[in-house]
Amino acid sequence: MGELIPKGNQMRDLDFLADIVREAGKAILEVYDTEFEVEQKTDHSPLTVADTRSHRIIADSLRARYPDIPVLSEEGKTVPFELRRTWDRFWLVDPLDGTKEFIKRNGEFTVNIALIEKNTPVWGVIFIPVQDRLFLADVRQGCWEISGAAKRRLTVAQLPGEGPVRIVTSRSHPSPGLEKILSLIPDHQIVNRGSSLKFCAVAGGEADFYPRFGPTWEWDTAAGQAIVTAAGGTMLDFTGKPFIYNKEDLLNGPFLVASSEQWLTGSGVLQRLRS
């Protein structure tokens with residue numbers, strides 16, 4: 001069954017976050033089982049009542065327990081950078097990551113919460129409502145998966161010296177530069193996942209590498225980055241620098257997630273992407 005989650009103040013906070021995402025997940029599933037309507041946001045991405053219900057549960061719970069820590073959520077009000085730039089730490093929330101997967105009813109959608117400190121995710125929580133599967137991470141202590149009564153510590157896989165590199169790709173968002181990546185790694189195997197499950201696949205040893213060219217937002221990646229980092233992996237931009245948060249523009253650039261930074265540099269993938 002693996003190592004139990006250690007207890008302490010930080011772990012109690014993570015347990016509280018776990019309760020929040022489970023409550024939000026329950027509200028999402030109540031909508032999932034109905035004939036819900038789909039709206040279009042200003043950026044043409046889909047929105048359902050499940051997104052807004054989950055947002056309210058999470059935002060209200062975080063503000064009640066942590067009144068001094070601001071909340072930035074995909075479905076919340078826009079916060080001007082002039083205010084955000086003063087934040088040393090804040091919650092970054094995606095109340096329903098994978099709305100397209102939710103609409104398709106394939107189950108591959110998640111609820112994500114991250115704590116950002118000094119532009120870096122330090123805690124991450126990802127919950128998969130359909131599977132009742134939870135990922136918790138504190139980058140200083142480790143990463144754990146809870147599925148039913150089973151709890152285990154997660155560590156990334158060791159990349160094989162021989163055999164294919166398992167590359168996880170998006171199920172609903174084809175990455176326009178993916179073919180270039182695949183050409184750099186001839187011996188590979190494709191693993192498809194929706195939403196932030198791609199990060200969980202790397203953290204849990206089900207995949208080795210997740211390249212992303214297409215656009216994402218900071219709330220799409222923060223919890224996943226914390227989970228991969230806590231499990232021993234890495235997330236870098238295409239220049240090889242750490243991925244940062246609370247930028248003036250919340251839209252992310254391309255990034256690479258891997259079980260090993262040494263492999264990213266040693267394989268030549270990072271260098272060839274720069275050229």
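The values are calculated or read from the model by the stated rules, or taken from the named source; none is laboratory data. Everything numeric here is computed off the predicted structure, so don't read it as measured data. Here the Cβ is made from the backbone with ideal geometry for all residues, glycine too, and neighbour counts use every protein chain on show. These area figures cover heavy atoms from the full protein model, side chains too; ligands, DNA and RNA do not enter into them. Shrake-Rupley method; radii C 1.70, N 1.55, O 1.52, S 1.80 Å.
Quick check: pseudo-label points 7 Å beyond the Cα along Cα→Cβ at Arg84 and Gln131, how many nm apart are they?
2.9 nm
Multiplying the sequence separation of Arg140 and Glu206 by 0.36 nm and subtracting their Cα-Cα distance, what value in nm do you get? Please list the in-between numbers first.
Working: separation 66, 0.36 × 66 = 23.76 nm, distance 2.25 nm.
Full extension of this stretch gives 21.5 nm more.
Through the Karplus equation 6.51 cos²θ - 1.76 cosθ + 1.60, θ set to phi - 60°, convert the phi angles of region 146-157 into ³J(HN,Hα) values in whole Hz; use x for Gly and Pro.
Along region 146-157, the couplings run 10, 10, x, 8, 8, 10, 8, 7, 9, 9, 5, 6 Hz.
Out of the total accessible area of the chain (probe 1.4 Å, heavy atoms of protein only), what percent is carbon and sulfur?
Carbon and sulfur: 50 percent of the exposed surface of the chain.
Explain nothing, just the number: relative contact order of the chain, from Cα pairs under 8 Å at least 6 residues apart, as a whole percent.
Working: 586 pairs, mean separation 45.8, N = 275.
After rounding, I find 17 percent.
Given a 1.4 angstrom probe, what's the average accessible area per residue across the chain, in square angstrom? Don't skip to the answer; put the middle values down first.
Values: 12430 Å² over 275 residues.
Result: 45 Å² per residue.
Show the residues, 5+ positions off or on another chain, whose built amide H is closer than 5 Å to the amide H of Ser196.
Long-range HN contacts for Ser196: Thr110.
Taking amide H positions as placed in the peptide plane 1.01 Å from N, state which residues far from Gln189 in sequence (5 or more) or on other chains have amide H under 5 Å from it.
Val165, Arg166, Ile167
Rounded to the nearest 20 debye, what is the charge dipole size of the chain about its Cα centre when +1 sits on each Lys and Arg Cβ and -1 on each Asp and Glu Cβ?
480 debye
From the phi of every residue in region 255-270, what ³J(HN,Hα) in whole Hz does the Karplus formula 6.51 cos²θ - 1.76 cosθ + 1.60 yield, where θ is phi - 60° and glycine or proline is x?
8, 10, 10, 8, 6, 8, 5, 4, 5, 4, 7, x, 6, x, 4, 5
Which of Ala231, Ala50, Ala150 moves most in a GNM of the chain, Cα contacts under 10 Å?
Ala150
Picking from Leu115, Leu184, Leu62, which is most flexible by a Gaussian network model of the chain using Cα springs under 10 Å?
Looking only at Leu115, Leu184, Leu62, the biggest GNM fluctuation is shown by Leu184.
What value, in deg cm²/dmol to 500, does the helix sum -39500 (n - 2.57) over DSSP H runs of n ≥ 4 give at 222 nm once divided by the residues of the chain?
Details: 9 runs with 90 residues, N = 275.
Value at 222 nm, helices only: -9500 deg cm²/dmol.
For the pair Arg22 and Arg63, how long in nm is the line joining their label points, each one 7 Å along Cα→Cβ?
2.5 nm
Say we join alpha carbon atoms closer than 10 Å with springs in a Gaussian network model of the chain; which of Ile126, Ile28, Ile227 then has the biggest fluctuation?
Ile28
How large is ³J(HN,Hα), in whole Hz, for each residue of region 239-252 in order, when computed from phi with the Karplus curve 6.51 cos²θ - 1.76 cosθ + 1.60 and θ = phi - 60°, using x for Gly and Pro?
8, x, 8, x, 7, 10, 10, 6, 6, 4, 9, 6, 6, 7
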